[in-house]
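S.K.: Take a look at this one; I'll ask things after.
The values are calculated or read from the model by the stated rules, or taken from the named source; none is laboratory data. Keep in mind it's a predicted model, so treat the numbers as computed, not measured. We place every Cβ from the backbone using ideal geometry, glycine too, and count neighbours over all the protein chains shown.
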Amino acid sequence: MVIAGNWKMFKGPAETDRFLDELDLPSGVEAVLCPPFPSLATATGRGIPVFAQNVHWAAEGAFTGEVSAGMLLELGVEGALVGHSERRQHFGETDDTVRRRCEHALEAGLRVIACVGETESEREAGETADVLRRQVAAIPRHEALVIAYEPVWAIGTGKTATSEIAQEAHALIKELHDTRVLYGGSVKPENAAELLGQPAVDGALVGGASLDPGSFAAICRAALS
Ligand code: 13P
């Protein structure tokens, strides 16, 4: 089981340091933290793998506001999220840029959590399977890559997908791509055990509930039950 905490644009270095001082993780679970860029150097070297929230496809160049895989590796960062729905919605990320980011990160030696998921209107229009097919087709096959299924309508809304919805989407993704699939979208200590108990759910990508060391550790414990 992989339990990854995506902190989004929360926690600078001082808060990151406090979080790690307080964090008490159970053994037997593969926990990962994804702090914002300025906090990466504080988070590495503390006994828990650290991933960035994005990575560019070029080794270097005139790409203001982006960072390369080599720069992340130099900090001790082990991997990166790619294609999170917030990047797709607000920052023009496309299936093509997701593919390029994934390929470069993997070639450079980073691990990748590639994110897919349908919006509410796509689900209501019955397009979920088509959207997942299109998004998954852009994601390279690689042993260092896992996919996170994050239905956009369940992110930060408190509306968790039912375990049946999660299971169905994960099963489809696994037919399309031979990889582990994490679930993301309002995962909390209270619902984690049920979601993680589904046969096609191999872990979780946790947003809001990963910001508190107690609730992040509780979700990690739920993964062991
Ligand atoms: P929440 O857990 O806050 O819904 O966020 C999910 C997410 O986007 C993780 O990447």
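S.K.: Filter region 102-121 down to residues that are within 16 Å of the ligand (Cβ to nearest atom) and over 19 Å from Val32 (Cα atoms) and give me whichever is surrounded by the most Cβ atoms within 10 Å (Cβ to Cβ).
M.R.: Residue satisfying both the conditions and the ranking: Gly117.
S.K.: For region 1-92, which helices (runs of 4 or more DSSP H) that fit wholly inside it have 1 or more residues that are among the basic types (Lys, Arg) and within 14 Å of the chain's Cα centre (by Cα)? Give the derivation first.
M.R.: Values: elements: 13-22, 40-43, 69-74, 85-90.
Filter on region 1-92 gives 85-90.
S.K.: Assess whether Phe91 counts as being in contact with a helix residue (DSSP H, G or I) (Cβ under 6 Å, 6 or more places away or on another chain) and either closer than 25 Å to Asp202 by Cβ or of a type in the set (A, V, I, L, M, F, W, C) (or both). Reasoning before the result, please.
M.R.: Values: in contact with a helix residue (DSSP H, G or I) (Cβ under 6 Å, 6 or more places away or on another chain): no; either closer than 25 Å to Asp202 by Cβ or of a type in the set (A, V, I, L, M, F, W, C) (or both): yes.
No; evaluated as a whole, the condition is false for this residue.
S.K.: A further question on this structure: Identify the residue in region 181-224 that is touching an Asp or Glu at 6+ places or on another chain (Cβ under 8 Å) and within 21 Å of Val152 (Cβ to Cβ) and, among all such residues, is farthest from the ligand (Cβ to nearest atom).
M.R.: Restricting to residues being touching an Asp or Glu at 6+ places or on another chain (Cβ under 8 Å) and within 21 Å of Val152 (Cβ to Cβ), the top hit is Val181.
S.K.: Another question about this same structure. Got a sec? Which helices (runs of 4 or more DSSP H) wholly within region 116-200 have at least 3 residues that are in contact with a Pro (Cβ under 9 Å, 6 or more places away or on another chain)? Write out each step before concluding.
M.R.: Details: elements: 120-124, 128-137, 163-176, 189-196.
Hits in region 116-200: 163-176.
S.K.: Would region 149-158 turn up any residue that is more than 10 Å from the ligand (Cβ to nearest atom) and surrounded by fewer than 17 Cβ atoms within 10 Å (Cβ to Cβ)?
M.R.: Scanning region 149-158 turns up no residue that is more than 10 Å from the ligand (Cβ to nearest atom) and surrounded by fewer than 17 Cβ atoms within 10 Å (Cβ to Cβ).
S.K.: Considering only residues of region 201-225 that are touching a helix residue (DSSP H, G or I) at 6+ places or on another chain (Cβ under 8 Å) and assigned to a strand (DSSP E or B), which is surrounded by the fewest Cβ atoms within 10 Å (Cβ to Cβ)?
M.R.: Selected residue: Gly203.
S.K.: Now for a separate question. Return only the number of the condition from (1) surrounded by fewer than 17 Cβ atoms within 10 Å (Cβ to Cβ); (2) at pLDDT 95 or above; (3) not polar (S, T, N, Q) that Glu124 does not satisfy.
M.R.: (2)
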